[in-house]
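Below is one structure; the comments refer to it alone.
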Amino acid sequence: MASRAQVLIPITIAAFIIGIVGVLTIPSETKLQSVDFKKGTIKLDNIVLNVEVADTDATRTRGLMFQSQLPYDKGMIFVFDDEQVIPMWMLNMQFSLDVIWFDGKGNVVHIEKNAAPCKSALEAMSCTYKNVEGKKAKFVLEVTSGFVDKFGVTENSKLQIISI
């Protein structure tokens, strides 16, 4: 029977390698501290939010990395060309988020409350969240943790794109 060290050492090495490869494969433009996102406005039920729009591979990868806070009236909307199962990672995040996935018609398909940030690149796999049960999404909204409870967002909530 393998000892605890014989099991943990290969797992630790594999996690380290995966983390390093993940960081090295981030497109260079996403590593910059300052990224200009398009601005937009959305409505979630009766709540109007000013959002940053992530609609390219580079801006979707960069997301809210390195931001120190996000007021309740702001968010980031990730826009995808097709409906799909969309994983969201929390690498280089400074605070927890509520993450809401929507289909192409603006219906909620999944809500992840209080998604915790990664503490290091090694944790990238453990701090990735996705719309579960294979429910496909076209939009993902990231808002500050506590937003969903504060504004009563549920599976019956509806997203309306005003401008993006």
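Applying a 10 Å radius around every beta-carbon, put 100-111, 37-48 in order of their mean neighbour count, most first. Write out the running numbers ahead of the final one.
Details: 100-111: 18.7, 37-48: 15.5.
Final packing ranking: 100-111, 37-48.
Stretched out fully, how many nm does the piece from Asn114 to Gln67 gain, at 0.36 nm a residue minus the Cα gap?
Computed gain between Asn114 and Gln67 is 15.3 nm.
If you take every residue apart from Trp101 with its C-beta less than 12 Å away from the C-beta of Trp101, what net charge results, scoring Lys and Arg +1 and Asp and Glu -1? Please list the in-between numbers first.
Numbers: positive: Lys130, Lys135, Lys136, Lys138; negative: Glu83, Asp98, Asp103, Glu112, Glu133, Glu142, Glu155.
Counting the neighbours of Trp101, the net charge comes to -3.
Treat each spin label as a single point 7 Å out from the Cα along the C-beta direction, and report the Gln84 to Asn50 distance in nm.
3.1
What are the aspartates and glutamates whose alpha-carbon lies under 12 Å from the alpha-carbon of Lys38, with same-chain residues fewer than 8 places away excluded?
Qualifying aspartates and glutamates at Cα under 12 Å: Glu52, Asp55.
Please sort 156-163, 71-78 by packing, taking for each peptide the average over its residues of neighbouring beta carbons within 10 angstrom, highest first.
Values: 156-163: 13.8, 71-78: 18.2.
For the peptides 156-163, 71-78, the packing ranking is 71-78, 156-163.
Just so you know, all these numbers are worked out from the coordinates, no wet-lab data involved. Not measured: the values here are computed from a predicted model. Note: ideal-geometry Cβ built from the backbone for every residue, glycine included; neighbour counts use all protein chains shown.
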